[in-house]
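Student: I have a structure I would like to understand better, so I am pasting it below and will then ask my questions one at a time.
The values are calculated or read from the model by the stated rules, or taken from the named source; none is laboratory data. Note that the structure is a prediction, hence the values are computed from the model and not measured. No Cβ is skipped: glycine too gets one built from the backbone with ideal geometry, and neighbour counts run over all protein chains shown.
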Amino acid sequence: MIEQPYAYRRADLAEPDWTRLPGWARVTREEWESAQWQRAHCVKNIRQLRQVLGAGLSEEFCADLERDQRERATMSMLVPPQMLNTMAPLVAADAAGFTAALYADPVRRYMIPVFSDRRADWPSHPYASRDSLHEAEMWAVEGLTHRYPTKVLAEVLPTCPQYCGHCTRMDLVGNPTPVIAKHKFALAREDRLGAMIAYLKRTPGVRDVVVSGGDVANLPWPRLEAFVAALLEIDSIRDIRLASKALMGLPQFWLSDEVRAGMARLGATARERGVSIAIHTHVNAAQSVTPLVARAARAMLETGIRDVRNQGVLLHGVNDSAQALLDLSFTLLDGANIMPYYFYMCDMIPGSEHWRLSLAQAQSLQHQIMGYLPGFATPRIVCDVPYVGKRWVHQVSRYDTRLGISYWTKNYRTAVEADDALALRREYAYYDPIHTLPADGQQWWLDRARGGSATVVPEAGLMPEAGLAPAGTGLTPAAQ
Ligand code: SF4
């Protein structure tokens, strides 16, 4: 047997015992498997967290959480029982080490962030921003982001059954927090969804629609089914992807009779018309893949849809090792028939520096996970570059590792650059977390921040005329 850096083991899925938690000691299986019960018992505040977890949760943790919610959090708290139950799954809630296990837990780290998790030096990058991907600037109609030539993102609603601390759409999604007021859609939902369908009917160049939000699991099922059915009526649309973290966070929703029957109807119509429907979910840690999640994924595949795929987010302290990424990918693939598809680098939103990795770290992880999974199931680690779109981490054009600035190019225009003759020759910048830089790079940013000029950075340039194909990868010598 040759020793390998990663040792594959097939893991058995397990549903942690929810009755170990004092607040749910008497909850029956029937209640647990009801989507309605799960929604009604989501944890939304510290008082409810205390009620569920009991005396094992320390006052120190609660104070840490309270400070984060007051001073840093960009998302309000909303944790379905299904997700809370996967945190510190092997430790009894009244055991001495429970709070320590909760602090260290990967799911807790992104679903229930506390103040001490965040960077004290640079909690936010100087270039962090709300709507860091500029999606609203690319709305063709309100909520419909036309960011790539042949595909669109339809933000059908601004809520989810669960709120993730690192949410990219923190500008729009969820309830306001003490530090972040949320953008509100101007149009009523029916007018917005109607305008989206009308735009897609008159824009036959779009063949691929990501139906997202928020999370589609929060749209009343008949409304979601009607929207997808309307998409299926448009001949030019060939791919429909339903974005739902709830497949993992609230699998009970996708297992309900109403949703299964509705998905079977949509699946049948899609097959008849030769259209692919897939569900895209968002799982960041292997422990989240429980038997209920696997059942929900299989139930969806049985409706005849094309696939269930995972788009995780690469997060420090959650999954930033080859072991964690491969464990998660194999668990998804072997245990739940979910295709590992992407890991996104965490976007540059306020308060995210403690979660973000540098591009170099992401490139190294991509290298380390190659060759273990089947090629079709090897997730690509991608950087969603503002104004560019998703780019595989090795597609960087130029990379200044001292200052942590990577430069990227694009090969299509959006409406934002319709009149920009140089759009395809420009370089677009993405920034590493400052604490990951060498000392002189960190000092450079510090000097600018102290001098009030953190916005003065080396200018992104223009690629040469023939430079639509990047000259180097940033890892190889520039002269290559
Ligand atoms: S489920 Fe998705 S949209 Fe909702 S809070 Fe999490 S990351 Fe944001």
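Each row is one residue, and each column tells you yes or no for (1) more than 24 Å from residue 245 (Cβ to Cβ); (2) within 16 Å of the ligand (Cβ to nearest atom).
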site	(1), (2)
167	no, yes
187	yes, no
192	no, no
207	yes, no
213	no, yes
220	no, no
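Student: Turning to a different aspect of this structure: Just name the residue that is nearest to residue 174 (Cα to Cα) out of those in the stretch 85-144 that are in a loop (DSSP other than H, G, I, E, B) and among the acidic types (Asp, Glu).
Tutor: Top of the filtered list is 131.
Student: Could you go through the stretch 171-182 and let me know if any residue there is within 16 Å of the ligand (Cβ to nearest atom), surrounded by fewer than 18 Cβ atoms within 10 Å (Cβ to Cβ) and more than 25 Å from residue 305 (Cβ to Cβ).
Tutor: Yes, some residue in the stretch 171-182 is within 16 Å of the ligand (Cβ to nearest atom), surrounded by fewer than 18 Cβ atoms within 10 Å (Cβ to Cβ) and more than 25 Å from residue 305 (Cβ to Cβ).
Student: If you don't mind, another one. Specify the residue that is nearest to residue 144 (Cα to Cα); the eligible residues are those in the stretch 408-439 that are charged (D, E, K, R) and part of a loop (DSSP other than H, G, I, E, B).
Tutor: 413
Student: Mind listing whichever residues of the stretch 99-136 are more than 20 Å from the chain's Cα centre (by Cα) and of a type outside the set (Ser, Thr, Tyr)?
Tutor: 100, 101, 102, 104, 115, 119, 120, 121, 122, 126
Student: Mind checking which residues of the stretch 323-375 are assigned to a strand (DSSP E or B) and hydroxyl-bearing (Ser, Thr, Tyr)?
Tutor: Matches in the stretch 323-375: 341, 342, 344.
Student: Any residue that is assigned to a strand (DSSP E or B), surrounded by 23 or more Cβ atoms within 10 Å (Cβ to Cβ), under 24 Å from the mean Cα position of the chain (by Cα) and within 15 Å of the ligand (Cβ to nearest atom) - is there at least one of those in the stretch 243-250?
Tutor: yes
Student: Specify which of the listed residues (253, 227) is buried (at least 17 other Cβ atoms within 10 Å of the Cβ), more than 16 Å from the ligand (Cβ to nearest atom) and in contact (Cβ under 8 Å) with a residue 24 or more places away in the chain.
Tutor: Sole residue among the options that is buried (at least 17 other Cβ atoms within 10 Å of the Cβ), more than 16 Å from the ligand (Cβ to nearest atom) and in contact (Cβ under 8 Å) with a residue 24 or more places away in the chain: 227.
Student: Please list, ordered by residue number, the helices (runs of 4 or more DSSP H) wholly in the stretch 1-75 having 2 or more residues that are under 23 Å from residue 293 (Cβ atoms) and of a type outside the set (Val, Ile, Thr).
Tutor: Counting at least 2 such residues, we get 29-32, 35-40, 46-53.
Student: Turning to a different aspect of this structure: What are the residues in the stretch 381-405 that are assigned to a strand (DSSP E or B) and more than 21 Å from residue 368 (Cα to Cα), if any?
Tutor: Passing the criteria: 385, 389, 398, 400, 405.
Student: Against the definition (modelled with pLDDT of 95 or more, part of a loop (DSSP other than H, G, I, E, B), in contact with a helix residue (DSSP H, G or I) (Cβ under 7 Å, 6 or more places away or on another chain) and not charged (D, E, K, R)), how does residue 308 come out, yes or no?
Tutor: no
Student: Looking at this structure, is residue 313 surrounded by 19 or more Cβ atoms within 10 Å (Cβ to Cβ) and touching a Cys at 6+ places or on another chain (Cβ under 6 Å)?
Tutor: Yes.
Student: Looking only at residues that are more than 18 Å from residue 391 (Cβ to Cβ) and in contact with a strand residue (DSSP E or B) (Cβ under 8 Å, 6 or more places away or on another chain) in the stretch 145-160, which one is farthest from the ligand (Cβ to nearest atom)?
Tutor: Filtering first and then ranking leaves 146.
Student: Kindly establish whether residue 136 is of a type in the set (Gly, Ala, Ser), more than 11 Å from the ligand (Cβ to nearest atom) and modelled with pLDDT of 95 or more.
Tutor: For residue 136, the condition - of a type in the set (Gly, Ala, Ser), more than 11 Å from the ligand (Cβ to nearest atom) and modelled with pLDDT of 95 or more - is not met.
Student: Follow-up question, since we're still on this one. Taking the criterion of being closer than 27 Å to residue 253 by Cβ, within 16 Å of the ligand (Cβ to nearest atom), surrounded by 21 or more Cβ atoms within 10 Å (Cβ to Cβ) and not small (Gly, Ala, Ser), would at least one residue in the stretch 356-374 satisfy it?
Tutor: no
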